[in-house]
Every structure is written in structure tokens, then in C-alpha cells.
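Chemist: Please find one structure pasted underneath; my questions will follow.
Here, each number is a calculation from the coordinates, and none is a lab measurement. These figures come from a predicted structure and were not determined experimentally. Glycine gets a Cβ as well: all are built from the backbone with ideal geometry, and neighbour counts include every protein chain shown.
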Amino acid sequence: MTQADFPDYVQLVRFLMEPFLDSPESLSVNSELANQGKRVWVRVAFAPADRGRLFGRGGRNIQAIRTVLKAATPGSDCSVYLDIYSPDSEGVGGQNRSGRDRPASPRPRKPRRRPQVSRQDASEKPSPPSPEE
């Protein structure tokens, strides 16, 4: 595949990310085609103040952007990677082993269990409190 066969990932990422940013002029995007057109890396940098809005609660926004990029790939044998860089990437949002920034995933919640009340307990009336002298 040639460069002409691929969508303009830079413009696509700009279109998807700019509405989330307070300062869209700080957005920097570039892309790199590798491995005979089977891998595309899209690198993004923006102001650290916009990080929370771009990632969204639980990483929903950034995950949706990654899904759109995956859907825009021309073939099933092609993969797209979105790398996010920021000047203060020391521990903010977490980095996985490959060095790519990812939001911390929310911890799964355990379902709350209601205390079980037996029928006998439910039919009994609570005794009134004793008057204290």
C-alpha cells in the first residue's frame, strides 16, 4: 500500500481532538507509516491543562478516538497506534510498558449486597425503646 491509499490521519485526529481542547493551537499531530504500510503511528502532543478533558472520564474520549482511527484503516492487516506525549508525562495518566500514555482504567466495582431479612425478622415489630430514668 502506498501513502495515497491511507486516510489523512493528521487531519482526522485534529478534527476529533480540537473540540476537547481549550487551546487547540497547542495541538501537534504527526503520523508515520512503517512496515510496508501495515503499521501507522500517529503521535499527538498538547497542553497539559487539556489532558483531563481530552481523555475524559475513565478514558472514554481517547478510547473513542482510537476506535475511530481503527475503523478508518483501509485493510484488516493494517493497524494504527495513537501515541500521546506531554511535557509532564512523569506518572500523569500512567504509561504502559511500550511507553504509550494511557489513562488509568477505572477499578471494577463490586455489586452491593443488601442485607437479607428473613420472613420471621420482617414480621416482628421492633420493641419500643425503654424509658431511661
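Chemist: Given labels modelled 7 Å from the Cα in the Cβ direction, how far is it in nm from Ser28 to Lys70?
Modeler: Result for the modelled spin labels: 2.8 nm.
Chemist: Right, here's the next one. Per residue of the stretch 57-71, what does 6.51 cos²θ - 1.76 cosθ + 1.60 with θ = phi - 60° give for ³J(HN,Hα)? Whole Hz please, x for Gly and Pro, Karplus curve as stated.
Modeler: So the J values, rounded to whole Hz, are 5, x, x, 5, 5, 5, 5, 5, 5, 4, 5, 5, 4, 5, 5.
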